[in-house]
1. Looking only at the range 159-204, which residues are more than 18 Å from the chain's Cα centre (by Cα), in a helix (DSSP H, G or I) and of a type in the set (Asp, Glu)?
2. Among the numbered criteria (1) in contact with a Lys or Arg (Cβ under 7 Å, 6 or more places away or on another chain); (2) of a type outside the set (D, E, K, R); (3) surrounded by fewer than 20 Cβ atoms within 10 Å (Cβ to Cβ), which one does Tyr135 miss?
3. Would you check if there is a residue in the range 129-137 being out of contact with any strand residue (DSSP E or B) (no Cβ under 8 Å at 6 or more places or on another chain) and farther than 26 Å from Leu242 by Cα?
4. Identify the single condition in (1) closer than 30 Å to Gly53 by Cβ; (2) hydrophobic (A, V, I, L, M, F, W, C); (3) open to solvent by 80 Å² or more (accessible area, probe 1.4 Å) that Leu152 does not satisfy, given that it satisfies every other one.
5. Which condition number does Arg17 fail, the rest of (1) modelled with pLDDT of 95 or more; (2) open to solvent by 30 Å² or more (accessible area, probe 1.4 Å); (3) farther than 20 Å from Phe117 by Cα being met?
6. Residue by residue through the range 56-99, note down the ones that are touching a helix residue (DSSP H, G or I) at 6+ places or on another chain (Cβ under 7 Å) and either within 14 Å of Leu27 (Cβ to Cβ) or acidic (Asp, Glu) (or both).
7. Check off (1) at pLDDT 95 or above; (2) exposed (fewer than 12 other Cβ atoms within 10 Å of the Cβ); (3) charged (D, E, K, R) for Glu199 and give me the number that stays unchecked.
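The values are calculated or read from the model by the stated rules, or taken from the named source; none is laboratory data. Just so it is clear, the model here is predicted, and its values are computed rather than measured. FYI the Cβ positions are ideal-geometry reconstructions off the backbone, even for glycines, and counts take in every protein chain you see. Keep in mind that these areas ignore ligands, DNA and RNA; they rest on the heavy atoms of the full protein, side chains included. Shrake-Rupley method; radii C 1.70, N 1.55, O 1.52, S 1.80 Å.
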Amino acid sequence: RYQRRVRGGFLFALHSRINMNDREKNLFLAKVADQSERYEEMIGYMKKIVDSGAALSFEERDLLNIAYKNAIGSKRSAWRVISSVFQRENDEEKKTLLTDLRSKVETEMSNICTDAFAILDKVIASAETEEFRIYFYKMKGDYNRYMAEVALDPARKQKVTDEGLKAYQTATDLAEKSGDELTPLNLGLALNFSVFYYEILRQPDSAIKLAKKAFDNAIMGLDKLNEEDEAYKDATQIMALLRDNLEIWQSEGN
């Protein structure tokens, strides 16, 4: 017996008997965890795949990022809400409670990011292509940026800022060597690195310079892509974000 069912963008094949190896089981369970938004469990399944020592596929690479990004994302949202309430609160006792709660969320974020950094070190070491190394170093830069956004301790903030800069710069150096700037990955890297310059390093000129270079290079190379391809659509979406940021940053500079 054989049945196909489409749910949440994934196509599952259901057999009366399924013989899967451990990697296939963990991949299947990771997809189910993604659909059910159980991201910390999803991290566990993806870590088992990484710990097997095998190089990740494109699908596994993306699922690893989805797992950590969403697990961290819920903590980032919580931190922002608590900080917003803190800013509006005048009662000192309540502000103390909010400070403790915000510190708790920061610790939870730190634990997830620290776990992610250990996994990223493994997948960077086992990556078989420069594209994958760029992807993983970008992830490392992103997660350090998330920590720099919320870190209240100056020493901690400086450490994650330094690590984020190092990761983004490594990814950028690899991307420039590849000679193919007009890929969604490389454009996304330029977008996030420019945001890091603007919001974390507080260097608007460097942020604008980086974003403008990426946008201008993309404009010149856009005609090389097929408008029907997903890469074209993804590239133009990221270019729109670069353009929007440039407009905001340049207007604030004036």
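1. Just the residues of the range 159-204 that are more than 18 Å from the chain's Cα centre (by Cα), to begin with: 159, 173, 176-182, 201-204.
Imposing the further condition that a residue be in a helix (DSSP H, G or I) reduces the set to 159, 173, 176-178, 204.
Result: Asp173, Glu176.
2. (3)
3. Taking the range 129-137 first, the residues out of contact with any strand residue (DSSP E or B) (no Cβ under 8 Å at 6 or more places or on another chain) are 129-137.
Filter once more, keeping what is farther than 26 Å from Leu242 by Cα: 129.
Yes - at least one qualifying residue is present in the range 129-137.
4. Evaluating Leu152 over (1) closer than 30 Å to Gly53 by Cβ; (2) hydrophobic (A, V, I, L, M, F, W, C); (3) open to solvent by 80 Å² or more (accessible area, probe 1.4 Å) leaves (1) as the failure.
5. (1)
6. Leu56, Glu60, Arg61, Leu63, Leu64, Ile66, Ala67, Glu89
7. (2)
Yes/no matrix, rows are residues, columns are (1) over 17 Å from Lys138 (Cα atoms); (2) of a type in the set (A, V, I, L, M, F, W, C):
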site: Lys166; (1), (2): no, no
site: Gly188; (1), (2): no, no
site: Ile208; (1), (2): yes, yes
site: Ala214; (1), (2): no, yes
site: Lys233; (1), (2): yes, no
site: Met239; (1), (2): yes, yes
site: Trp249; (1), (2): yes, yes
